[in-house]
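Below is one structure, written out as structure tokens; comments come after it.
The values are calculated or read from the model by the stated rules, or taken from the named source; none is laboratory data. For clarity, every value in this text was computed on a predicted model and none was experimentally measured. For the accessible areas, the whole protein counts, side chains as well, though only heavy atoms, and no ligand, DNA or RNA atoms are used. Shrake-Rupley method; radii C 1.70, N 1.55, O 1.52, S 1.80 Å.
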Amino acid sequence: MNNLRRNTYYEILGIHPKADMKLLESRYAGEVQFFQKLWESGVMEAREKLLELTKAYETLSDPEKKAKYDSELDFDFVLLDGKTKDPEMEEAYDNYRTTHNKSYKQVLDEFSNFKNELSDTLWKLKQTSIYMVANLIMYSLLVIATSILETSFPDQFLIYEALRPYPNFLFLFLSFLGYQVFKYKYLHPELRKRKSLRQKFEGTA
């Protein structure tokens, strides 16, 4: 039993599964040109690579063949004989094929979406944390400034004692309003940009 892992057609051509036809043709042409020169210079192993590239290209450039290939691309350990060398992994592989209602590609897509959503959530959390820290710093500076003025001008701050709770409530209210502006004017637009750039990258990778 040969336990060497066989690369997928996407790995052979060095493209993302969602790459467009233009990129597929470009990568194929570049790789073929490189290995063709090696073969002509006497490197016999290049012939096998040329056959491998051609087979991958012929499959991925045909929509029907590509769809069939993607549906059969189960698990990320595609071996020369279609099995894994670890008995436990073999069992997991068989269980997956017989009990899972989704293709491996669908599982990968779902995991990719989950990973992207988690990344976006962490990014929002980070930006919100920065906003909150900035608010705390501003509030701390306000308290310090008020304490200094109260100490320096005690007579003028007698009235302030009765009104002390109101500035705090006002600051909290303004902080809340500020966050709403921050969220709709910065967070949401930037999040849309992140998703747009990610989709663009995945389409050309």
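Using 0.36 nm per residue and subtracting the Cα-Cα separation, the extra length available between residue 72 and residue 195 on full extension is 41.4 nm.
Each Cα pair under 8 Å and six or more residues apart adds its separation to the average, and for the range 1-61 the resulting relative contact order is 39 percent. Ranking 70, 109 from most to least accessible surface, computed with a 1.4 Å probe over the protein chains only, gives 109, 70.
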